[in-house]
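Here the structure comes first, spelled out in structure tokens, and everything after it is commentary.
All of the numbers you see were taken from the coordinates with simple rules; none came from a lab. All values derive from a computational prediction rather than experimental measurement. Methodologically, a virtual Cβ is constructed for each residue, glycine included, from the backbone with ideal geometry; neighbour enumeration extends over all protein chains shown.
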Amino acid sequence: MPVARPEPQEPRVIAHVDMDCFYAQVEQRRNPALRGQPTAVVQYNDWKGGGLIAVSYEARAFGVKRSMRGDEAKRVCPGINLVQVPVARGKADLSLYRSAGSEVVTILASKGKCERASIDEVYLDLTDAAKDMLLQAPPNSPDEIFMEAAKSNILGLPSNASEKEKNVRTWLCRVDAEYEDKLLACGAIIVAQLRGRVLEETQFTCSAGIAHNKMLAKLVSGMHKPAQQTVVPSSSVQDFLASLPVKKMKQLGGKLGSSLQDDLGVETIGDLLSFTEDKLQEQYGVNTGTWLWKIARGISGEEVEDRLLPKSHGCGKTFPGPKALKNSTYVKGWLDQLCEELSERIQSDLNQNKRIAQTLTLHARASKENERDSVKKFPSKSCPLRYGIGKIQDDAMKLFESGLHEFLESQSTGWSITSLSVTASKIFDIPSGTSSILRYIKGPSSAASLDLPASSSVPEDPSLDNHLNVTPIHGEQCEPSTSEKVDAKRYSANEGKKISKKLPEVKASHPRFLIL
DNA sequence: ACGGATCAGACA
DNA sequence: TTGTCTGAT
């Protein structure tokens with residue numbers, strides 16, 4: 001459920017930057033023959049030509065859409081180039097796109113707070129940069145960047161097609177503008193500059209929205225695509241929201257939005273204005289109620305987080321229909337593959353970013369045969385994460401077995417798994433520099449204390465994993481793998497509570513580690 | 001009999 | 001805190 005955040009007093013300048021059909025651009029950069037050609041990226045192509053996950057604008061012109069199948073795309077656009085997502089260990093491997101996304105983030109983070117919102121999107125807080133510009137070089141002259149910014153779309157600005165750019169130019173450097181609008185104008189110039197750098201340095205185009213909060217920036221970043229940006233002056237907010245279909249608002253694309261339509265007869269955000277805050281709270285609770293009341297008025301206090309890296313790493317695969325996994329041997333095989341990729345990714349995160357993941361979670365979907373609509377869910381399970389491919393594989397399998405027993409408790413003859421995933425989460429920075437903060441303790445086998453190699457290089461070779469295993473200290477009985485049988489209780493929440501009472505200091509912003 | 005693979009965040 | 005659920009891309 002959405003929650004309202006306290007609203008900052010000072011006007012902020014927030015941008016949402018969104019890469020245009022990102023995976024398609026990545027493939028077009030990789031293979032120049034695809035540039036300017038209708039192109040789509042598909043994953044797996046054995047069934048109906050695979051599923052489209054990105055469609056170039058050349059292909060969209062033919063009516064090709066995401067969520068089409070490769071076969072269908074070929075029908076509406078026979079000349080389309082279908083590029084497959086790389087496959088590794090029998091599953092789609094997105095690493096190519098992840099690293100391309102990192103290239104972009106690195107550039108976009110250079111002008112202020114930057115939050116990685118997804119593999120191809122960021123939010124920026126450009127308030128300080130915009131204020132600086134306003135003091136030192138307020139918009140006026142026709143330099144190059146300014147000319148780019150002049151191609152912005154200004155929401156609510158009357159645009160006589162022919163005079164549009166002139167209108168935008170005058171809007172951008174109005175001397176009599178409100179302070180807020182001047183800040184936005186500076187923001188637009190900064191974003192134009194950043195997008196220019198992204199294009200120069202990566203060859204990728206992106207679109208952006210510039211507004212006073214994240215909600216509005218996000219709403220308009222996709223309004224003019226590709227390779228364009230849109231500004232939302234305060235004066236245009238009410239009219240804009242008034243006619244905006246509720247389902248278009250972030251967080252209202254699902255059940256909550258449907259409930260607004262079905263239960264309250266709300267079709268547009270503007271319709272929300274006729275409800276009191278109390279009424280909305282009564283319907284949806286205090287948090288969601290006040291959130292709804294505020295977004296109807298264009299108010300959103302959500303801050304841009306300073307975070308360039310993901311908070312978790314997950315690997316998963318689905319096994320649709322006939323491909324469902326029907327015994328533990330198959331499950332083990334696929335789980336091993338997934339864990340191998342996961343291990344590789346967290347190992348890179350450790351080496352490159354000095355971050356350690358603390359929790360391993362297993363997720364599965366299952367169906368039971370022979371049972372009238374058995375919609376019982378397969379329970380997800382987690383445990384302390386121990387580094388090293390073999391350990392992760394062992395632990396993941398134990399988690400699966402634990403979940404499977406619970407799943408089958410009621411009864412049932414046959415089961416089959418239709419999706420599997422493993423996730424590493426609770427990722428902490430390793431405080432660098434003064435290693436005195438860190439307390440590394442050798443495991444039970446030997447009792448000396450130990451430091452991370454000062455060179456800061458951590459072995460990436462998986463074969464070395466055995467020598468360096470880092471585990472959060474409160475994962476005391478961190479091994480499901482030592483013993484022959486593992487009781488599901490071992491993973492229960494109670495254990496953790498006891499331990500954290502014993503060691504209250506682990507609640508600090510960084511964990512203490514055990515090296516086995 | 002799932003668009004698929006990932007992510008984030010709120011709630012109990 | 002774990003696990004569930006929602007929502008987004």
With A:Ile299 itself left out, Lys, Arg at +1 and Asp, Glu at -1 over residues whose Cβ is under 15 Å from its Cβ give +1
In nanometres, the difference between 0.36 nm per residue of separation and the alpha-carbon distance of A:Arg297 and A:Met1 is 104.7 nm
So A:Ile145 and A:Asp46, fully extended at 0.36 nm per residue minus their Cα-Cα distance, gain in nm 31.0 nm
If the chain between A:Ala227 and A:Ser110 were fully extended at 0.36 nm per residue, the gain over the current Cα-Cα distance would be 40.1 nm
Long-range share for segment A:22-87, i.e. C-alpha pairs more than 18 Å apart as a percent of all pairs, stands at 23 percent
Counting sequence-distant residues (5 or more places) and residues on other chains, those with an amide H built under 5 Å from that of A:Ser419 are A:Phe319, A:Arg365
The exposure ranking of A:Phe146, A:Phe400, fewest beta-carbon neighbours within 10 Å first, is A:Phe146, A:Phe400
Amide H proximity to A:Lys113 below 5 Å, modelled H, separation 5+ or other chain, gives A:Asp125
Once phi for every residue in segment A:161-171 is put through the Karplus expression 6.51 cos²θ - 1.76 cosθ + 1.60 (θ = phi - 60°), the whole-Hz ³J(HN,Hα) values, with Gly and Pro written as x, are 1, 6, 9, 3, 5, 5, 4, 4, 4, 5, 5
For segment A:313-429, Rg(Cα) over 2.2 N^0.38 Å is 1.11
The size of the Cβ-based charge dipole (Lys, Arg +1; Asp, Glu -1) of segment A:90-200 about the Cα centre, to the nearest 20 debye, is 140 debye
Under the 7 Å Cα-to-Cβ spin-label approximation, A:Asp306 and A:Gln283 lie apart by a distance in nanometres of 3.9 nm
The distance between the Cα centres of segment A:222-289 and segment A:56-70, in whole Å, is 29 Å
For A:Ile154, other-chain or 5+-apart residues with amide H closer than 5 Å (H placed, Pro excluded) are A:Val231
Along segment A:22-35, Karplus-curve 3J(HN,Hα) (6.51, -1.76, 1.60; θ = phi - 60°) to the nearest Hz, with x for Gly and Pro, reads 4, 4, 5, 5, 4, 5, 6, 6, 5, 10, x, 5, 8, 5
To the nearest 0.05, the calculated FRET efficiency linking A:Ser259 and A:Gln136 through their beta-carbon distance, R0 being 45 Å, is 0.35
Phi-derived 3J(HN,Hα) across segment A:174-183 with the Karplus relation (6.51, -1.76, 1.60, θ = phi - 60°), rounded Hz, x for Gly and Pro, is 4, 7, 8, 5, 4, 3, 4, 5, 4, 4
Scoring only Lys, Arg, Asp and Glu (+1, +1, -1, -1) among other residues with Cβ under 10 Å from the Cβ of A:Asp429 yields +2
Going fewest to most other Cβ atoms within 10 Å around each Cβ, A:Ile145, A:Ile107 line up as A:Ile145, A:Ile107
Once both label points are put 7 Å beyond Cα along the C-beta direction, the A:Glu103-A:Leu244 separation in nm becomes 3.2 nm
